[in-house]
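Data block below; observations after.
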Amino acid sequence: MKSPLSSISGSAPSAEKKSTFQRTPLLAGNWKMYKTVQEAQALASDLKVLAAGVLDREILLCPPSVNLTKVSEAIRGTSIQLGAQNLHWEAEGAFTGELSGPMLKAAGCTYVIIGHSERRQYFGETDETVNKKVSAALKAGLLPIVCVGETLAEREKNVHLTVVERQIRQGVPALSKEDFLKIVVAYEPVWAIGTGKTATPGQAQEMHKFIRQTLSDIFGGDLAEKTRILYGGSVKPDNIDMLMAEPDIDGGLVGGASLKAADFSRIVKYETS
């Protein structure tokens with residue numbers, strides 16, 4: 001087995017072919033805890049210009065919560081969508097510092113990230129809370145981006161598939177067909193987030209294919225085939241083309257590279273042969 005830290009340089013896309021079902025690619029920028037209100041407005045405005053005319057894929061910006069309203073104003077009238085980085089599972093209540101689904105919806109969000117590895121690592125997010133938040137997001141009319149992924153230790157112990165399968169089975173609630181089709185899954189190898197190290201296209205494809213098979217086992221092949229699975233983990237302008245050439249990679253959950261307008265617009269404008 002190749003080291004999980006091997007570079008993608010020189011790695012050719014796999015020989016597998018894309019599905020005959022066309023899943024609309026989704027390129028999502030997770031701005032994490034970066035950008036003041038003014039900086040966020042400026043970045044969104046720049047992206048609005050640079051991404052103009054890109055209509056065959058979805059573009060999503062997920063700024064810090066204090067910037068949601070201003071970013072929403074900056075992208076108004078474009079195809080760029082707005083997302084949040086987290087939500088609480090209750091619609092309202094005495095939960096100081098939290099934001100509810102209805103609040104995010106009213107702020108202009110269409111998507112919300114749930115269960116990001118940093119939420120799991122630093123803020124006690126579990127498969128159980130992910131499950132509850134997915135239901136809350138759907139109830140509020142938001143589209144959940146459910147994050148799964150293994151640590152370096154888990155991959156080196158060769159339990160990465162087991163870990164991701166557990167996260168899916170316990171984190172995604174029993175849903176109707178209509179609600180399941182609203183879910184996006186994001187695979188983010190924890191060892192590749194913010195490290196500059198990226199899974200090879202082959203490693204990423206292997207896990208994406210496994211995730212789709214797991215979804216098929218739980219929800220059926222038809223629904224799994226229609227589910228978008230994003231790759232997150234040091235996605236950059238110089239690796240996006242190879243990653244997007246893989247048959248089961250339907251987009252990217254982009255961190256650091258989404259904070260620079262030129263870099264993110266190049267990612268949004270990826271090309272595959």
Worksheet item: In debye, nearest 20: dipole of segment 148-273 around its Cα centre with unit charges on the Cβ of K, R (+) and D, E (-)?
Response: 240 debye
Discussion item. Below 8 Å between Cα atoms, with a sequence gap of 6+, how large is the relative contact order for segment 26-268 in percent?
Written reply: 20 percent
Worksheet, complete the sentence: Between GLN81 and residues 5 or more places away or on another chain, the pairs with built amide H atoms under 5 Å apart involve ILE59, LEU60, LEU61
Discussion item. Give me a comma-separated list of calculated 3J(HN,Hα) values for segment 156-169, in order, Karplus coefficients 6.51, -1.76, 1.60 applied at θ = phi - 60°, integers in Hz, x for any Gly or Pro.
Written reply: 5, 7, 6, 10, 5, 5, 4, 4, 5, 4, 4, 4, 6, 5
Worksheet item: Can you list the lysines whose alpha carbon sits under 17 Å from that of LYS133, skipping same-chain ones fewer than 8 residues off?
Response: LYS105, LYS182
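If you average the sequence gap of Cα pairs under 8 Å that are 6 or more apart and divide by the length of segment 170-269, what percent do you get for the contact order? Walk me through the numbers on the way to the answer.
Values: 134 pairs, mean separation 30.0, N = 100.
Relative contact order, segment 170-269: 30 percent.
Could you sort the peptides 56-62, 136-142 by per-residue average Cβ neighbour count (10 Å cutoff), highest mean leading?
Values: 56-62: 21.3, 136-142: 19.4.
For the peptides 56-62, 136-142, the packing ranking is 56-62, 136-142.
Please give the peptides 125-132, 248-255, 186-193, 73-80 ranked by average Cβ packing (other Cβ atoms within 10 Å per residue), highest first, as a rough proxy for protection.
Result, highest mean Cβ count within 10 Å first: 248-255, 186-193, 125-132, 73-80.
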Practice prompt. Please list, or write none, the aspartates and glutamates whose alpha carbon is within less than 19 Å of the alpha carbon of LYS236, excluding same-chain residues fewer than 8 places away.
Written response: ASP46, GLU58, GLU188, GLU246, ASP248, ASP250, ASP263, GLU271
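Here, each number is a calculation from the coordinates, and none is a lab measurement. Computed from a predicted structure; not experimentally measured. All Cβ positions, glycine included, derive from the backbone under ideal geometry; neighbour counts span all protein chains shown.
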